[in-house]
Amino acid sequence: FGEPYAIARYTGDLVFDDMDFIDGRIDVKSRIPQEMGRMAARLRPDLVYALLHNNPTLSDSVTLFHADRGNIVTGAPLDVAGLSKAETAIGLAKVTQANGNPRALNQMMGHVIVPRTHRAAAKVATASTKVITGSAVMVGDLNPHDGEYMLHSDARLDLGVENPDSGIFVAGDPTRWYGAERSGTNTLQAGYRQGTGRAPSIRSYVLTQGTWGMGWDVLHDIGVGIVQARGLVRCDV
């Protein structure tokens, strides 16, 4: 069970005529295919972060991140206390049964996704073995979050990203970060057309019929969608 989403076809092409080769030194054998491969590789993260920024409305007419879902955490800086709030929100996710009783999912947070602005703070909070309080009162110094999460950092959260589907730029927000449950099966999903090997296809060809030159084209069939909202939490610093 999950939200429906579609796989789309993304294409691009680059053509040089004969005079381009004569007038300039173009490294056609290595640089151009590599650049087109990098362009295709940007598709998946662009789709993912555009979806997070857009906070789409799901099939139950509620947005992905909503107070009614319990997956918006406020006052959650990237420190031990903030991580604890996010972990609690994911751990208390539930489904409501037909009789109205809640059924605990007992999810564990396994991924922390942060803007580049807060990468250093996130590394300290997630990888420090001890917590120093500066208090004279004896307290435990164990960091409960040490080694618990995979840390992901991307400037698209700071600066925004252009949605590959619509071409519309979605503004970033460096005051927000995200947590995802450990298995990753109940959060976001990337889908590919069967038989593509999850990879783009890049071709080269020679111009004909009175036109001299060479071209390259790239094709990538990919889509990103929400499986369930219960495995994600948005945290506001």
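When region 63-87 is filtered for residues that are of a type in the set (Val, Ile, Thr) and without any contact (Cβ under 8 Å) to a residue 12 or more places away in the chain, only Thr63 remains.
What do you reckon, is Ser61 more than 19 Å from Gly167 (Cα to Cα), surrounded by fewer than 16 Cβ atoms within 10 Å (Cβ to Cβ) and at pLDDT 90 or above? Here the answer is yes, as Ser61 does meet what is asked. Only one of the numbered conditions (1) open to solvent by less than 70 Å² (accessible area, probe 1.4 Å); (2) among the charged types (D, E, K, R); (3) under 30 Å from Gln194 (Cβ atoms) is not met by Asp13, and that is (1). Taken over region 121-139, residues that are over 20 Å from Met109 (Cβ atoms) and open to solvent by less than 70 Å² (accessible area, probe 1.4 Å) amount to 1.
Filtered by the rule that a residue be out of contact with any helix residue (DSSP H, G or I) (no Cβ under 9 Å at 6 or more places or on another chain) and either at pLDDT 85 or above or of a type outside the set (Gly, Ala, Ser) (or both), region 14-30 gives Val15, Asp17, Asp18, Met19, Asp20, Phe21, Ile22, Asp23, Arg25, Asp27, Lys29. One residue stands out in region 31-58 among those that are aliphatic (A, V, I, L, M) and within 30 Å of Tyr205 (Cα to Cα): the one that is modelled with the lowest pLDDT, namely Ile32.
So is Pro115 at negative phi and either in contact (Cβ under 8 Å) with a residue 40 or more places away in the chain or open to solvent by less than 50 Å² (accessible area, probe 1.4 Å) (or both) or not? So Pro115 passes the test. If I ask for residues that are in a loop (DSSP other than H, G, I, E, B), within 30 Å of Ala93 (Cβ to Cβ) and not charged (D, E, K, R), which ones from region 171-208 would you list? Within region 171-208, Ala171, Gly172, Pro174, Thr175, Ser183, Gly184, Thr185, Asn186, Thr187 meet the criteria.
Table: residues versus (1) aliphatic (A, V, I, L, M); (2) modelled with pLDDT under 95; (3) touching a helix residue (DSSP H, G or I) at 6+ places or on another chain (Cβ under 7 Å); (4) open to solvent by less than 20 Å² (accessible area, probe 1.4 Å).
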{"position": "Thr74", "(1), (2), (3), (4)": "no, no, no, no"}
{"position": "Leu83", "(1), (2), (3), (4)": "yes, no, yes, yes"}
{"position": "Ala86", "(1), (2), (3), (4)": "yes, no, no, yes"}
{"position": "Ala89", "(1), (2), (3), (4)": "yes, no, no, no"}
{"position": "Val95", "(1), (2), (3), (4)": "yes, yes, no, no"}
{"position": "Ala98", "(1), (2), (3), (4)": "yes, yes, no, no"}
{"position": "Gly110", "(1), (2), (3), (4)": "no, no, no, yes"}
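Return yes when Leu105 is buried (at least 16 other Cβ atoms within 10 Å of the Cβ), farther than 20 Å from Asn55 by Cα and modelled with pLDDT under 95 and no when it is not. It is true that Leu105 is buried (at least 16 other Cβ atoms within 10 Å of the Cβ), farther than 20 Å from Asn55 by Cα and modelled with pLDDT under 95.
When only residues in region 145-169 that are open to solvent by 70 Å² or more (accessible area, probe 1.4 Å) and assigned to a strand (DSSP E or B) count, which is farthest from Leu43 (Cα to Cα)? It comes out as Met150.
Residues are listed down the side, and each one gets a yes or a no for (1) under 23 Å from the mean Cα position of the chain (by Cα); (2) over 12 Å from Leu232 (Cα atoms):
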residue	(1), (2)
Ala81	no, yes
Arg103	no, yes
Met109	yes, no
Pro115	yes, yes
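Could you tell me whether any residue of region 32-47 is free of Cβ contacts under 8 Å to residues at least 40 places away in the same chain and in contact with a helix residue (DSSP H, G or I) (Cβ under 9 Å, 6 or more places away or on another chain)? Looking through region 32-47, none of the residues is free of Cβ contacts under 8 Å to residues at least 40 places away in the same chain and in contact with a helix residue (DSSP H, G or I) (Cβ under 9 Å, 6 or more places away or on another chain). Looking only at region 176-217, residues that are open to solvent by 70 Å² or more (accessible area, probe 1.4 Å) and under 24 Å from Thr117 (Cβ atoms) come to 1 in all. Would you confirm whether or not region 102-111 contains a residue that is under 29 Å from Glu162 (Cα atoms) and basic (Lys, Arg)? No, the conditions are met nowhere in region 102-111.
The values are calculated or read from the model by the stated rules, or taken from the named source; none is laboratory data. What you see is a predicted model, and the numbers here were worked out from it, not measured in a lab. Methodologically, a virtual Cβ is constructed for each residue, glycine included, from the backbone with ideal geometry; neighbour enumeration extends over all protein chains shown. Just so you know, the surface numbers come from the protein's heavy atoms only, side chains and all, with ligands and any DNA or RNA stripped out. Shrake-Rupley method; radii C 1.70, N 1.55, O 1.52, S 1.80 Å.
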